[in-house]
Amino acid sequence: MTTKQRFRNGRYRLEIREKDHLPSHAHLSGGGLDIVIDLETMNVTEGVWPASLKQEVMEWVVKHQKELIEEWKKWRP
């Protein structure tokens, strides 16, 4: 697992997990959450989270989408 970014003083981690299933995606975990974000469509495919956290995280993910997809491909077998 590779932590790409931390949010809210480290309480939440945006992770790319090694050898994870398709489609390319990232996990936001911490604080009892496990949110899955599809990196191609930018849709949340699993999980429910507070709107303010979603806005903060998705702004960062959109800015770093290409980098995240490249990282995800690096970890695919």
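A short reminder: the numbers here are calculations on the coordinates, not readings from a lab. The structure presented is a predicted model; accordingly, all values stated were derived computationally and were not measured. Positions of Cβ are generated from backbone atoms using ideal geometry, with glycine treated the same way; all protein chains shown enter the neighbour counts.
Let me have the relative contact order for the chain, percent, based on Cα pairs under 8 Å that are six or more residues apart.
Once divided by the residue count of the chain, the mean separation gives 25 percent.
Would you mind checking the tilt of helix 65-75 against the longest principal axis of the Cα atoms of the chain, expressed as 0 to 90 degrees and rounded to 10?
50 degrees
Tell me the net charge near Leu28. Cut-off is 11 Å between Cβ atoms, Leu28 excluded, with +1 for each Lys or Arg and -1 for each Asp or Glu. Present the calculation step by step, with values, prior to reporting the outcome.
Numbers: positive: Lys4, Arg6, Arg8, Arg11, Arg13, Lys54; negative: Glu15, Asp34, Glu46, Glu56.
Cβ neighbours under 11 Å give a net charge of +2.
With +1 on the Cβ of every Lys and Arg and -1 on the Cβ of every Asp and Glu, and nothing else charged, how large is the dipole of segment 11-66 about its Cα centre, in debye rounded to the nearest 20?
Computed about the Cα centre, the dipole is about 160 debye.
From the square roots a ≥ b ≥ c of the eigenvalues of the alpha-carbon gyration tensor of the chain, which class results: rounded (a/c under 1.5), prolate (a/b over b/c), or oblate?
Verdict is prolate for the chain.
At 7 Å along the Cα-to-beta-carbon direction for both Arg8 and Asp34, put a label point, then send me their distance in nm to one decimal.
Those two pseudo-labels are separated by 1.8 nm.
Using only alpha carbon pairs under 8 Å that are at least six residues apart, calculate the relative contact order of segment 22-63 and give it in whole percent.
Reported as a whole number, the value is 26 percent.
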